[in-house]
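The values are calculated or read from the model by the stated rules, or taken from the named source; none is laboratory data. From a predicted model like this one, the values you see are computed outputs, not experimental measurements. Don't worry about glycine lacking a Cβ; one is built from the backbone with ideal geometry, like all the others, and counts go over all protein chains shown. Side chains included, ligands, DNA and RNA excluded: accessible areas come from the protein's heavy atoms. Shrake-Rupley method; radii C 1.70, N 1.55, O 1.52, S 1.80 Å.
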Amino acid sequence: MGVMVKDNNTQIERLALGPFATNAYVLICQQTRDSVLIDAPSNAGIIMERLKDTNPRYILLTHNHMDHTGALAELQSKLKVPLGTHVADSKNLLLPPERLLNDGDVVLFGRLKLGVLHTPGHTPGSLCFKIGKYLISGDTIFPGGPGKTGSPSDFRLIIKSITDKIFVLPDDTEIYPGHGDSTTVKKEKSEFAVFSAQHPDPNLCGDVLWLSS
């Protein structure tokens, strides 16, 4: 757990929760104390404690896997704020989302703007969220490689998402993934260049690392 970003406008805090140390992110507008929660892994009490001095406006999901949604029902019942997710990942949720998010959408809270990127591959409805030079990437990209995929076609799709949506961002963009530590666009682009130059197996999928797959 820790504060990743804190300036006059924005605060981003990471909470690593549950058996898979899934990252939930609390984004706070410093001017208004409005907040957004991205992902709801588990330990609703810990999340509620962190939100108590803010004005929660949304719960947003990067995707619908249980290690990112385990505390969702409890948090929604207590916070009573809209849930936002992509339609492709909405059908498996216990609770229907109030806001369906699409690529290019903007979520407003306080004086801040949170951009939405649709990055399918790990799941059909995977989303990333961008605020300033910071990207909350869910399980789309991690330090050293993409998120896990279940088939070669899904792997090709996640690579397209990463190259078309994430690698076009400025090199100094900081990436905050759904598990583990942060990375940067510059670092991941550099390692991906090595990976792609090696002409990887067209049947590749699963857990892949840029420098050792």
In the chain the accessible area split gives carbon plus sulfur, as whole percent at 1.4 Å, a share of 54 percent
Shape call, the stretch 1-143: gyration tensor on alpha carbons, a/c limit 1.5:
rounded
Residues Asp103 and Met4, FRET efficiency given R0 of 22 Å [Cβ-Cβ distance, rounded to 0.05]:
0.35
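Over the stretch 1-97, what is the mean sequence separation of C-alpha contacts under 8 Å (at least six apart), divided by residue count, expressed as relative contact order in percent?
Relative contact order, the stretch 1-97: 20 percent.
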How do the peptides 23-35, 150-162, 43-55 rank, highest first, by the average count of neighbouring beta carbon atoms within 10 Å per residue?
23-35, 150-162, 43-55
List the relative contact order of the stretch 78-213 as a percent without decimals, with contacts defined as Cα pairs under 8 Å and 6+ residues apart.
19 percent
Counting only heavy atoms of protein chains, what accessible area per residue, in Å², does the stretch 1-134 have with a probe of 1.4 Å?
43 Å²
In deg cm²/dmol, rounded to the nearest 500, the helical mean residue ellipticity at 222 nm of the chain, built from -39500 (n - 2.57) for every DSSP H run of length 4 or more, is -5500 deg cm²/dmol
Checked against the positive end of the charge dipole of the chain (+1 on Cβ of Lys and Arg, -1 on Cβ of Asp and Glu, about the Cα centre), the farthest of Pro124, Leu112, Val168 is Leu112
For the stretch 62-136, the dipole about the Cα centre with charges only on Cβ (Lys and Arg +1, Asp and Glu -1), to the nearest 20 debye, works out at 320 debye
Cα centre as origin, Lys/Arg/Asp/Glu Cβ charges: the chain dipole, Debye
500 debye
